[in-house]
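Following: one structure in structure tokens, then a few remarks.
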Amino acid sequence: MKGIKKSGTPSLTSKSAITATAIILLITLIYQVIQNPLMTNNGDYHRAIGGLFHIPSWSQPPDGVCPQLNLSWPSSTMGLAVKAISLSSLFTETGCMPIIAYPLTLLAIFTSGILLTIKQKQGLTLPILTLIFFAISFSPLFSSFYEEAALLPTMAWLLYGYIRMLDKGKPLIFILAAAFVIYTKAQMIVFLPLLLGLTLLKNTRKPLPIKKRLIGALFLLISLGANIAAKSSDVTANAFNRAYNGIGWAVLDVASWPASNFNQRHAFFYANREILKAHQDVQLQAQIDLVGTSFWPTGKEIMQLKGKSYLNTHITLRSFAEMLFSNGVLKHYLLSTYAVALKSDYSLEYLQQQPSKNTDQQFKPRQTITRSFGFIYFFLSTVIAATLRGRWTWIIAPYIIALPLVVVLGDGFYEFEKHMIPFFIMLPFLASIASDRGNTDQLRANGN
């Protein structure tokens, strides 16, 4: 019939509509970032950028940065990105880079990946538009120096590479993007089994030689090694938060506190510490005096007074497991994790740098969305799980269910919302695997 294409290929009209919608959303994103350069920042730029340049105050976004190009390349992902972008300052008279060059570069990478994805015959409408929607929702990340900023443009290229691998049997872009995802943040290692599975096992419309699959898998494992070498040198803070903040806040019924983000919860705990402990239902056996505390400030103070080795003896995996599986703690842990994930405010306002009143008004729609993003996450997770087909159901579904739990197991409830955002950003890619257009397990058997 006229106007009808093969199954899985969008018609010219629908593709034009998708392209137009995507372009409108991209223009909205670009305008929002340029006109309202909010910067997500929790005050530890030095860790994130490896001392590439000095920002005297983190309460006010700088107009520009003057990189110290003679320094060694930092190990953090965003430190590397900033260093690379900053090379453009060699061609300026002052040797400084306008701060706007940084988000514009990330936006250019993101936009090109989106447009290339739309251009493919087997476009993934819902994942593409959802990813742009997420980028708009978390647009301040484009102006931050944290790893989440690198994930947004990388996701666009991961989708593009995934479609190229399925349709053309060309895995290079997918492998490079997947390797970067794994390297970007320590928490993204959780996706390594999935990405390895797609590389080694996913059927493609054009056969993918086993040699290419094995080389791709090896490259992903090398990226894992680089991540561990660069980002896992000191896990004391994470281990402390995992035990005393994570388990501690769970048994203190954190979901019932009059707070919707980490900053509010942290302040509420330290202001009401004794009252909360007096009414807790479950008593922990180990280090009762540390229940609910966070590494900053409590763990840091203990380490300064008694030394790092002393602190490490109380935050081992064994002591964590003993606390988690004692006295009904696990039930509180699970219930608190998912209740907090649902109720949290993901606008990250407490990490953003003093927007003007006009900016605040302009961001009202975005703030409204991100403040209820927990509900959006659970809704999209349900939709993705409901559309899964074949063997990938048993791989994708556990990821969708476990993501909030992975965050709390990694760093407790410390900056919970910030740590959930990389997992939100992965949802469009998970949706592409669940999508009928992205599901090729039966295509080759049917002769397509």
P(r) for the stretch 215-295: what percent of alpha-carbon pairs falls in each 10 Å bin, starting at zero?
16, 38, 19, 16, 10, 1
State in Å² the accessible area per residue of the stretch 177-306; use a 1.4 Å probe, count heavy atoms of protein chains only, and round to the nearest integer.
45 Å²
Treating only the Cα positions of the stretch 101-190 as identical point scatterers, give the base-10 log of I(q)/I(0) from the Debye formula at each q in 0.12, 0.14, 0.15, 0.20 Å⁻¹.
-0.35, -0.47, -0.55, -0.95
Carbon/sulfur fraction of accessible area - the stretch 152-209, other protein chains in place, 1.4 Å, %:
73 percent
Computing the accessible area with a 1.4 Å probe over protein heavy atoms, can you report the carbon and sulfur percentage for the stretch 245-303?
53 percent
Debye log10 I(q)/I(0) at q = 0.24 Å⁻¹ for the stretch 195-238, Cα point scatterers:
-0.80
For L201, what accessible surface area do you get with a 1.4 Å probe? Give it in Å², rounded to 10.
100 Å²
Could you tally the net charge around K300, taking each other residue with its Cβ under 12 Å from the Cβ of K300, Lys/Arg +1 and Asp/Glu -1?
+1
State which entries of K15/K418; K202/K418; K277/K331; K119/K168; K119/K202 exceed 24 angstrom in Cα-Cα distance in the structure shown.
K15/K418; K202/K418
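Can you list the equivalent-ellipsoid semi-axes of the stretch 146-234, largest first and in whole Å, using the square root of 5 times each Cα gyration tensor eigenvalue?
Values: eigenvalues 110, 42, 15 Å².
After scaling each eigenvalue by five and taking roots: 23, 14, 9 Å.
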Would you check the accessible area of L116, probe 1.4 Å, heavy atoms only, in square angstrom rounded to 10?
50 Å²
Can you give the Rg/Rh ratio of the stretch 274-318, where Rg is from the C-alpha atoms and Rh is the Kirkwood radius?
1.01
Assuming a viscosity of 1.002 mPa s and a temperature of 20 °C, what translational diffusion coefficient in µm² per second does Stokes-Einstein assign to the stretch 249-331, Rh being the Kirkwood radius over Cα pairs?
155 µm²/s
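The values are calculated or read from the model by the stated rules, or taken from the named source; none is laboratory data. What you see is a predicted model, and the numbers here were worked out from it, not measured in a lab. Here the Cβ is made from the backbone with ideal geometry for all residues, glycine too, and neighbour counts use every protein chain on show. All accessible areas refer to the heavy atoms of the entire protein, side chains included, with ligands and DNA or RNA removed. Shrake-Rupley method; radii C 1.70, N 1.55, O 1.52, S 1.80 Å.
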